[in-house]
Amino acid sequence: MAPAEEPTAATTLELAPPPPPVHFVIVPLVAQGHTIPMVDLARLLAERGARVSLVTTPVNAARLRGLANHAARAKLPVDLVELPFPTDIDGLPPGIENIDQVKDNNHFVPLFEALQKLAGPLEAYLRELPARPSCLISDWCNAWTADVATSLGVPRLFFHGPSCFYSLCDLNAVDHGLHKQTAAADDHDKFVVPGMPVHVEVTKATAPGFLNAPGWETFWNESLEAMRTADGAIVNTFLDLEEQFVTCYEAALGKPVWTLGPFCLANRRDAEAMASRGNAPDVAKQNTVTAWLDGMDTGSVVFANFGSLARKLPKQLFEVGHGLEDSGVPFLWVVKDTEVETPDVHEWLEALETRTAGRGHVARGWVPQLAILSHRAVGGFVTHCGWNSLLESIAHGVPVVTWPHFADQFLNERLVVDVLGVGVPVGAAAPVMIFDDENVAVTRGDVARAVSELMGGGEEAEERRRKAKEYGEKAHRAMEKGGSSYENLTQLVESFRRSGRKES
Ligand code: UDP
């Protein structure tokens with residue numbers, strides 16, 4: 001019998017088990033506008049061979065079940081991790097686990113307090129894993145994850161959901177003390193946001209800031225601290241859209257800023273994934289909307305939808321409906337179930353649908369927005385300027401009517417109108433909070449004028465359409481092999497593959 005051969009270096013290498021995949025643990029904030037992009041990010045990472053665990057609570061996990069099944073069918077290594085929602089939180093009714101379930105402003109702070117209590121269960125879950133994850137990616141509002149990452153020695157990136165333009169305004173406002181100036185100002189005083197590469201003016205009401213209202217001081221300070229102590233930031237944008245702001249943000253932050261978007265294009269080749277974003281798909285509704293759009297001319301329809309949180313009370317809702325009707329433009333309008341709770345509103349809406357039959361379609365509740373924006377018939381979008389909505393529109397070459405409601409939306413509006421040149425402002429000047437019925441911020445005349453301007457002919461309208469189309473093409477290129485976001489994602493994953501992973 002011949003003696004057994006000594007293994008050579010080459011055969012040893014061949015036999016060595018492959019290195020474990022890079023493992024990202026993602027912790028979104030429990031709000032649709034924060035969770036949806038992070039789910040898209042999970043998919044993007046998994047498509048590059050990384051393993052991804054998405055951490056959430058039972059009510060939110062139920063909404064993501066379709067995604068989990070879909071990932072499994074596509075053989076993508078994405079798993080859902082369900083942490084039990086803390087019980088007995090003072091001032092929070094049971095069952096509320098997502099910001100879109102809050103119907104009383106007093107429940108917001110207790111909801112955030114409850115989320116902080118997830119730190120213990122998250123740490124326990126991570127300690128039980130056979131190996132430490134490569135990196136924790138958490139929403140910047142989930143500052144409670146910072147101590148967990150530190151105690152396990154795991155790198156942490158924060159995800160900042162708005163435009164990079166907004167993120168830079170926000171950081172500069174803090175660093176240069178803008179909030180102290182606006183606090184003492186009159187409502188109409190104007191301020192220039194310091195440190196911006198372009199001129200940006202705000203009022204007290206539209207100044208950057210999130211979680212910085214009275215009562216939120218602890219969360220605000222902890223969030224700022226968690227951003228400063230993170231290893232870097234991930235933003236949902238692309239260089240051809242916001243390069244100058246990305247460069248300044250990276251310099252101001254003093255750490256890497258990874259631009260990996262538009263995340264929504266993760267779904268571009270997958271109609272099923274597009275339709276189930278955010279909620280389980282309602283196939284019947286989807287088919288009705290698609291059939292209606294299929295019957296309309298290319299680029300002829302204006303789509304109106306205001307995100308997952310903004311809720312219009314009747315007075316304001318009526319102005320939107322009449323404005324769309326008066327514009328004379330074919331429209332697809334999304335009305336939330338919570339906006340049609342009384343028989344009066346119900347009747348009014350039915351009458352509007354009858355009057356505009358053939359050129360108007362009202363969809364109730366959640367719709368597959370991304371699929372709608374990618375439909376050839378949609379030529380304009382009336383949006384509240386949530387960053388996901390804006391970016392989804394830009395990524396599909398659709399110009400917008402801008403109607404900011406709160407938070408980052410007023411500055412996102414400045415970006416798309418003043419810098420990118422793809423928006424017509426409806427004229428909203430001050431924030432309208434979710435449950436505010438006192439003011440009708442925007443009239444039917446405002447809506448009709450802005451929609452007609454957006455959808456009409458003329459040089460300015462054509463130029464807006466041309467720019468939007470160009471940004472849409474650039475967005476797609478950014479996500480293809482060789483594009484900036486694609487290559488950034490490769491580098492991000494590779495950087496963790498190289499640095500290896502600490503064992504438990
Ligand atoms: N969205 C959707 N269907 C709806 C309403 C919203 O798919 O009927 C999605 C939309 O495509 C976007 C997200 O919900 O991805 C809303 O995020 P955004 O930042 O625009 O606004 P927010 O809801 O945070 O105010």
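For 486, 249, what's the fewest-to-most ordering of other Cβ within 10 Å of each Cβ? Working shown, then result.
Details: 486 18, 249 26.
Starting with the residue having the fewest Cβ neighbours, the order is 486, 249.
Sorted on the mean count of surrounding Cβ atoms within 10 Å across their residues, most packed first, peptides 130-138, 157-165, 290-298, 106-114 read 157-165, 130-138, 106-114, 290-298.
Only one residue of 197, 221, 122 has its Cα farthest out toward the positive end of the dipole of the chain, where Lys and Arg carry +1 and Asp and Glu -1 on Cβ, and that residue is 122. For the pair residue 294 and residue 117, label points projected 7 Å from Cα toward Cβ lie 5.0 nm apart.
Taken over the Cα atoms of the stretch 298-399, the convex hull encloses 87 Å³ per residue.
Local charge sum around residue 100 (other residues, Cβ-Cβ under 11 Å, Lys/Arg +1, Asp/Glu -1)?
On the way: positive: 63, 103, 311, 336; negative: 97.
That works out to +3.
DSSP loop (so not H, G, I, E, B), at most 13 other Cβ within 10 Å: list which trypsin sites (Lys or Arg not before Pro) in the stretch 152-206 pass both filters. Kindly include the intermediate steps, with their values, before the conclusion.
Working: sites: 156, 180, 190, 204; in loops: 190, 204.
Answer in residue order: 190.
Kirkwood radius, the stretch 202-256, all distinct C-alpha pairs, inverse of mean reciprocal distance: 13.2 Å. Around the amide H of residue 382, modelled in the peptide plane, lie the amide H atoms of 303, 304, 305, 401, all under 5 Å away and 5 or more residues distant in sequence or on another chain.
Counting Lys and Arg as +1 and Asp and Glu as -1, each charge on the Cβ, what is the dipole of the chain about the Cα centre in debye, to the nearest 20? Display every interim value, and only then the final one.
Values: 44 positive and 65 negative charges, 237 e Å.
Taking the Cα centre of the chain as origin, the dipole is about 1140 debye.
The spread of Cα positions in the stretch 22-120, taken along each principal axis and listed from longest to shortest, comes to 43, 25, 17 Å. Using Cβ point charges alone (K and R +1, D and E -1), the dipole size of the stretch 78-131 about the Cα centre works out to roughly 60 debye. If the reach is capped at under 27 angstrom between alpha carbons, list the lysines near residue 103, excluding any in the same chain fewer than eight residues apart. Leaving aside lysines fewer than 8 places away in the same chain, those within reach of residue 103 are 117, 204, 285, 312, 315, 336.
About the Cα centre, and with charges only on the beta carbon of Lys, Arg (+1) and Asp, Glu (-1), how big is the dipole of the stretch 92-188? Nearest 20 debye, please.
380
Quick check on packing: order 358-367, 404-413 by the mean number of other C-beta atoms within 10 Å, highest mean leading. Please list the in-between numbers first.
Values: 358-367: 17.2, 404-413: 24.1.
Packing proxy ranking, top to bottom: 404-413, 358-367.
Around the amide H of residue 258, modelled in the peptide plane, lie the amide H atoms of 233, 234, 235, all under 5 Å away and 5 or more residues distant in sequence or on another chain. The mean sequence distance of close C-alpha pairs (under 8 Å, at least 6 residues apart), as a share of the length of the chain, puts its relative contact order at 16 percent. Along its three principal directions, the equivalent ellipsoid of the stretch 34-188 from the Cα gyration tensor extends over semi-axes of 30, 21, 17 Å, largest first.
Calculate how large, on average over all directions, the projected area of the Cα convex hull of the stretch 113-238 is; give the answer in nm² to one decimal. Display every interim value, and only then the final one.
Numbers: hull surface 35.6 nm².
Across all orientations, the stretch 113-238 yields a mean hull projection of 8.9 nm².
Annotation: lysines with alpha-carbon distance below 27 angstrom to residue 467 (same-chain offsets under eight excluded): 481. The label point for residue 354 and the one for residue 462, both projected 7 Å from the Cα toward the Cβ, are 4.2 nm apart. For the stretch 125-211, relative contact order (Cα pairs under 8 Å, six or more residues apart, normalised by length) works out to 21 percent.
Which of 34, 19, 89 sits farthest toward the positive end of the charge dipole of the stretch 19-101, with +1 on the Cβ of Lys and Arg and -1 on the Cβ of Asp and Glu? Going by the Cα projections, it comes out as 19. Derived scalar couplings between HN and Hα for the stretch 299-305 equal x, 8, 9, 9, 9, 10, 7 Hz in order, rounded to whole Hz, by the Karplus curve 6.51 cos²θ - 1.76 cosθ + 1.60 (θ = phi - 60°), x for Gly and Pro. Rounded to the nearest 5, what % of the DSSP beta bridges within the chain are antiparallel ones? So the antiparallel bridges in the chain amount to around 5 percent. Backbone geometry of the stretch 42-47 corresponds, through the Karplus equation with coefficients 6.51, -1.76 and 1.60 at θ = phi - 60°, to 3J(HN,Hα) couplings of 4, 5, 4, 5, 5, 5 Hz, x marking Gly and Pro. Under 5 Å between amide H atoms, partner at least 5 residues away or on a different chain: which partners does residue 361 have, H built in plane at 1.01 Å? Sorted by chain and number, the residues that satisfy this are 331, 332, 333. Couplings for the stretch 133-145, taken from phi via the Karplus curve 6.51 cos²θ - 1.76 cosθ + 1.60 with θ = phi - 60°, read x, 6, 6, 9, 10, 10, 4, 4, 6, 8, 4, 5, 7 Hz in order; Gly and Pro are left as x. Think of the stretch 278-414 as having a plus end and a minus end, set by charges on the Cβ of Lys, Arg, Asp and Glu; of 382, 360, 317, 382 sits farthest toward the positive end of this dipole. With 20 Å bins beginning at zero, the pair-distance distribution over Cα atoms of the chain amounts to 22, 57, 18, 2, 0 %.
If R₀ is 35 angstrom, what is the calculated FRET efficiency for the pair residue 199 and residue 473, using the beta carbon separation as r and rounding to 0.05? It would help to have the intermediate numbers written out before the result.
Details: r = 28 Å, r/R0 = 0.81.
According to the calculation, E is roughly 0.80.
FYI, it's all coordinate maths here, none of it is from the lab. Not measured: the values here are computed from a predicted model. Positions of Cβ are generated from backbone atoms using ideal geometry, with glycine treated the same way; all protein chains shown enter the neighbour counts.
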